[in-house]
Amino acid sequence: MRWRAIVGGALAASLMAGTLAGQTTTQRTLAARAFDLERSGNYLGAVNAYRTLLGEDPASLSALLGLERALTALSRLPEMAPDLAVVLASPEPPVAVFGIGVRVWTAVGAVDTVRRLVERWTQAEPGSSAPWQEWGMAAYERRDFALAREAYAEGRVRLGRANALALELAQLASLEGNYAVAVREWLLALDANPDVRAGAVALLGQAPAPRRSDLLALLAEVRSPVAERLGAVLAARWGDPVAGYERLTRALPADREARVVELRQFLDEIGGSGTQRGRLTEARVQEALAELVSAEESGGHWLEAAQAYSDAGDAQAARRMLGRLASTTGVPSEVASSATVALVGVLADEGRLAEADSQLAALQGTLSPDDRDRLARRVASGWVRAGNLERAATLVARDSSVDGMALAGRIKIYQGDLATGAELLRGAGPFTGSRDEASARLSYLALLQVIGQPQVPGLGEALLALEQGDTAAAATGFERVAAGLPPEAGGAELALLAGRLHAAQGREPEAERMLLAATRSEVSAAAAAGALELARLEERTGRREAAMARLEGLILAWPTSTAAPDARRLLDALRGGIPGRG
């Protein structure tokens, strides 16, 4: 009832202003006092004041509405029935009184009385849907969904329109979880008024995950553009923007301006997801918009599409967008400048580092310091992956940002200068960059702290191989470095890391050898983690009993280790206690 209180308060003020002029001085004083009592929260006092006013004027609409609000706040609305009976005894009471009567007698539970009131209301306002809307809403607020549905359905029959009260029936079915009915009614409501789509998306979007595929299938079965567009937005909202866009493209209107509106609305729905599929879909929508709008507007869309394609990992498509932008006349200069900046990133992502480096050098005088450093880091990261650490270090040498320090620290480590690298990583802190980058920095710092040496031959090369995605070379490198270090000074941790990398590549014998080395060390954290990895390896290779025995030993030997909870879950799974593998 909160919305009634809000709207009712505003209506009360309006009615008060509109009716005071026609009242006696006594009535005006009573009305003002009643409203002040209600506004101050003295609902019992307001009830008495409104009833006194009704004694002066039983048909006072502002007094009846005020009494309804005050009694509702006290959860005593049924007590209003005698007050209403007086005014409803009149042959032609004010139409608004019928609405109050419907709400009051619905609260009383007098369905027959409500029906008679609705009938009188329809005679006073032929063809109006208001009587049925009010009855259904009153029943819904009393949680009598069956009566609400009955009121709306009867209203549809009496009004004689197939889509009458479709919005109300759609909302009710959505809230009840009856999605077959909800879809049918929402589509009827949308045919009558496309502006209600936001409401459809909001309510249908709350469908529980197990029901969503069925709901989308129901929309697909309708085979109408309205249904496809609704399904498109829902699919995107539920985490599949690619499928949503495919639906949308099948249902875009022929009119150019209408297509632009639909695409922009869909873009608003999927924007900001940050996922690879989300950015890819944003790119496709931006590209479609660029094809539809004027040349002056298209530049921004080409640029946004290029950036989104680049973020999604499709450098070729990003480059294609920038090419379209370059060939478009009338593009604002700031957009053209931004496109050149975007081109540097695209070239770096494509591995065309010399070109990216050259473009960056040409832009130096036109970029802000922040933009220059950001682009330099992107190109430097490309040079790191390509193995040109000297050039990468040069590009970030002047970058004093935390991101720049973090990248410079990694480069120093790859070059073998562990002490300087660790110092730079500590200066960067744990919170800059993405979660993966922050996690990697913390892992590097933890490893370097354990090793405690300013230089360790081969460690930088192994870490660089891991950065470059060469897992086999990284595993071999870590294994070689581990053999030259005491277990307590990094040897155990590197053996564990090498074992994990071998396992990820499917090299079981090598993985088992290195994981066993980790478990036999005196370093409890590495030993416990190695035992857990070994148990997983044994389970994957069909040695279930051995895996169970190893997990039991782990839990007994290291009960407080971080590996123990995962070990317990996996052991339960192997024993058949829970499904899955933990």
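For this structure, a couple of remarks:
- Listed residues A63, A235, A209: farthest to the positive end of the dipole of the chain (Cβ charges): A63
- Residue-wise HN-Hα couplings along region 511-523, as the Karplus relation 6.51 cos²θ - 1.76 cosθ + 1.60 with θ = phi - 60° gives them from phi, are 4, 5, 4, 6, 5, 4, 4, 5, 5, 8, 7, 8, 8 Hz; Gly and Pro carry x.
- Loop-resident trypsin sites (Lys or Arg not before Pro) (DSSP state other than H, G, I, E or B) in region 386-432 with no more than 11 further Cβ atoms inside 10 Å of their Cβ: R398.
- Positive end of the dipole of the chain (Cβ unit charges, origin at the Cα centre): among Y414, A529, A573, the Cα lying farthest that way belongs to A573.
- Principal-axis tilt of helix 43-56 within the chain, Cα atoms, nearest 10 degrees: 30
- Stretchable slack from T26 to Q276, in nm (0.36 nm times residue separation minus alpha-carbon distance): 82.9 nm
- In a fully extended conformation the segment linking T420 and E125 would gain 97.8 nm over its present Cα-Cα distance, using 0.36 nm per residue.
- In order through region 401-406: 3J(HN,Hα) via Karplus (6.51 cos²θ - 1.76 cosθ + 1.60), integer Hz, x for Gly, Pro: 6, 5, 5, x, 4, 4
- Evaluated with a Cβ-only charge set (Lys, Arg +1; Asp, Glu -1), the chain carries a dipole of roughly 860 debye about its Cα centre, given to the nearest 20.
- Trypsin sites (Lys or Arg not before Pro) restricted to region 462-568 and DSSP loop, no more than 15 other C-beta within 10 Å: R520, R543
- Taking a ≥ b ≥ c as the square roots of the eigenvalues of the Cα gyration tensor, region 318-394 is classed as oblate, since a/c reaches at least 1.5 and a/b does not exceed b/c.
- The equivalent ellipsoid of region 65-119 has semi-axes of 17, 13, 9 Å, largest first, where each one is the square root of 5 times an eigenvalue of the Cα gyration tensor.
- Of the GluC sites (Glu not before Pro) found in region 491-582, those that fall in a DSSP loop while having at most 15 other beta-carbon atoms within 10 Å are E522.
- Neighbourhood net charge (10 Å Cβ-Cβ; Lys/Arg +1, Asp/Glu -1) for A392: +3
- The chain: C-alpha gyration tensor shape, a/c 1.5 cut-off, then a/b vs b/c: prolate
- Total charge dipole magnitude, region 341-480, about the Cα centre, Cβ charges on Lys, Arg, Asp, Glu only, Debye to nearest 20: 200
- Dividing the helix sum by the residues of the chain, where each DSSP H run of 4 or more adds -39500 (n - 2.57), gives a mean residue ellipticity at 222 nm of -24000 deg cm²/dmol.
- Taking only the Cα atoms of region 499-559, the ratio Rg/Rh comes out at 0.95, with Rh defined as the Kirkwood radius.
- Calculated FRET efficiency for the pair E296/E355, C-beta based, R₀ 25 Å, to 0.05: 0.30
- Residues D83, D214, D417 arranged by fewest to most Cβ contacts within 10 Å: D214, D417, D83
- Axis of helix 276-292 versus longest Cα principal axis of the chain: the two differ by about 70°, to the nearest ten degrees.
- Axis angle, to the nearest 10 degrees, between helix 130-141 and the longest C-alpha principal axis of the chain: 60 degrees.
Every number here is computed from the coordinates shown, using simple stated rules; none is lab data. Bear in mind the structure is a predicted one, so any value in this text is a computation, not a measurement. Note that each Cβ is placed from the backbone with ideal geometry, even for glycine, and that neighbours are counted across all protein chains shown.
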